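*Asks:* Have a look at this one before I ask anything.
Rule-based calculations on the coordinates, nothing more; no lab input. All values derive from a computational prediction rather than experimental measurement. Cβ sites come from the backbone with ideal geometry, for glycine too, and all protein chains shown count toward neighbours.
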Amino acid sequence: MSEFQEFLNEQLQDDEFRKEWEDIQPEMDVIRAMVDARISQNLTQKELAERTGINQADISKLENGTRNPSLKLLKRLADGMGMTLKLEFVPKSPAKVK
């Protein structure tokens with residue numbers, strides 16, 4: 001297990017930290033999906049910017065989490081990568097018993 005994972009596991013024992021961590025996971029999932037999709041297409045941010053008409057600096061901000069994308073912007077990114085945007089609601093996992 002990595003040092004980071006060990007540290008994270010320790011921090012997740014704190015209820016307040018765990019709540020904050022869980023609260024940011026949807027945003028992190030979107031960022032991860034954007035980056036993974038771009039990389040799977042072997043595209044640089046600049047190339048994706050050229051395909052979508054979205055400024056490369058804005059793509060960078062989206063990928064580093066300093067800008068929140070609209071659904072319209074996510075669709076433009078997906079279109080630029082030849083992909084379809086799919087959102088889904090999934091049931092929450094039952095609370096784990098300690």
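*Asks:* What is the dipole size for the chain, taken about its Cα centre, with +1 at each Lys and Arg Cβ and -1 at each Asp and Glu Cβ, in debye to the nearest 20? Please report the intermediate quantities before stating the final value.
*Replies:* Details: 15 positive and 18 negative charges, 119 e Å.
So the dipole magnitude of the chain works out to roughly 580 debye.
*Asks:* I would also like to ask the following. How far apart, in nanometres, would the label points at Glu47 and Leu8 be if each is projected 7 angstrom from Cα along the Cα-to-Cβ direction?
*Replies:* 2.8 nm
*Asks:* If you don't mind, another one. Sort the chain into rounded, prolate or oblate with this rule: let a ≥ b ≥ c be the square roots of the eigenvalues of the Cα gyration tensor; rounded if a/c is under 1.5, and if a/c is not under 1.5, prolate when a/b is larger than b/c, oblate otherwise. Intermediate values should be presented prior to the final figure.
*Replies:* Working: a/c = 2.55, a/b = 1.96, b/c = 1.30.
Prolate is the answer for the chain, as a/c is 1.5 or above and a/b outweighs b/c.
*Asks:* Could I ask something else about it? Picking from Gln56, Gln45, Gln11, which is most flexible by a Gaussian network model of the chain using Cα springs under 10 Å?
*Replies:* Judging by the Gaussian network model, the answer is Gln11.
*Asks:* Over 23 Å between Cα atoms, which of Lys46/Lys75; Lys19/Lys61; Lys61/Lys92 qualify?
*Replies:* Working: Lys46/Lys75 18 Å; Lys19/Lys61 25 Å; Lys61/Lys92 29 Å.
Cα-Cα > 23 Å for Lys19/Lys61; Lys61/Lys92; rest within.
*Asks:* Show me the GluC sites (Glu not before Pro) within the stretch 9-98 that DSSP assigns to loop and that have at most 10 other Cβ atoms within 10 Å of their Cβ. If you can, show how the numbers build up before the last one.
*Replies:* Values: sites: Glu10, Glu16, Glu20, Glu22, Glu27, Glu47, Glu50, Glu63, Glu88; in loops: Glu88.
Passing sites in the stretch 9-98 are Glu88.
*Asks:* Would you please name the trypsin sites (Lys or Arg not before Pro) within the stretch 1-90 that are DSSP coil residues with at most 12 other C-beta atoms within 10 Å of their C-beta? Please list the in-between numbers first.
*Replies:* Numbers: sites: Arg18, Lys19, Arg32, Arg38, Lys46, Arg51, Lys61, Arg67, Lys72, Lys75, Arg76, Lys86; in loops: Arg67, Lys86.
Of the trypsin sites (Lys or Arg not before Pro), the ones in loops of the stretch 1-90 whose Cβ has at most 12 other Cβ atoms within 10 Å are Lys86.
*Asks:* Still on this model: Please arrange Phe17, Phe7, Phe89 by counting, for each residue, the other beta carbons lying within 10 Å of its beta carbon, fewest first.
*Replies:* Numbers: Phe17 13, Phe7 10, Phe89 4.
Ordered by Cβ neighbours within 10 Å, fewest first: Phe89, Phe7, Phe17.
*Asks:* What residue among Ile39, Leu77, Leu12 has its Cα farthest toward the positive end of the dipole of the chain, where the charges are +1 on Lys, Arg and -1 on Asp, Glu, each on the Cβ?
*Replies:* It is Leu77, whose Cα lies furthest towards the positive end.
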